[in-house]
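Colleague: First the structure, which I've put down as structure tokens, then a few questions once you've had a look.
Values in this text are rule-based calculations from the coordinates and carry no lab data. Bear in mind that the values here come from a model prediction, so they are computed numbers and not experimental data. Positions of Cβ are backbone-derived with ideal geometry, glycine not excepted, and every protein chain shown enters the neighbour counts.
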Amino acid sequence: MKKVLLFLFLSLGFFTASVKAETTNTVGIINVLEINDKAKVMKSLNAQRDKAVEEIQDEVNSKRKEFEKKEEELKGKQSLMEKEAFGKEVVSFQMDVMNYDKQTEQKLSKVEKSYVEALKTIQKDYLDRIVRDIGKSKGFEVVINAQTAIILNDNLDITEDVIEALDEEITEIDLSRY
């Protein structure tokens, strides 16, 4: 009877160990935010977007000063002009401001659209393949985003490997291309 219990105990232990071995390290983790912060191509892309937005903002600030000056001139004309003529100039001025604001929104939208398209290219042409290759080499069946997981084993995190591989393949992408 002791031998049977010992056999069952050992068999159960072996079964548990083999199940545990099969499920160990089947899920890998990548930290997309860290890749965005550290990968050279992402730093370059983010810097290009920031520069484009900054240039638009500088242009807006300059144009706002022109609009403020024009508004002051318009206020000075109010007492010198007929009410109807003044009203037409005010409406024209307001239309100029609205048109400029619309153009600015379109420029910002174009920058963001280009940024998203560049991100898609990085994802499709590089990141997906790199993550897949590294994940397979580590024996993972699935790689998930760290932001959607509670990580209990730091050995599952392949973020640094992905960043290194991405940096080896691409360091820049031209935002203006999109």
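Colleague: Please specify each residue of the range 145-159 satisfying the condition of being among the polar types (S, T, N, Q) and surrounded by 14 or more Cβ atoms within 10 Å (Cβ to Cβ).
Modeller: Across the range 145-159, the qualifying residue is only Thr159.
Colleague: Among the candidates Val162, Val142, which residue alone is in contact (Cβ under 8 Å) with a residue 60 or more places away in the chain, loosely packed, with under 13 Cβ neighbours inside 10 Å and more than 30 Å from Glu55 (Cα to Cα)? Quick ask: steps written out before the conclusion?
Modeller: On the way: Val162 fails: loosely packed, with under 13 Cβ neighbours inside 10 Å.
Exactly one of Val162, Val142 is in contact (Cβ under 8 Å) with a residue 60 or more places away in the chain, loosely packed, with under 13 Cβ neighbours inside 10 Å and more than 30 Å from Glu55 (Cα to Cα), namely Val142.
Colleague: In the set Ser114, Ser109, which member is in contact (Cβ under 8 Å) with a residue 60 or more places away in the chain and closer than 19 Å to Leu175 by Cβ?
Modeller: Working: Ser109 fails: in contact (Cβ under 8 Å) with a residue 60 or more places away in the chain.
None of the other options fit; the residue is Ser114.
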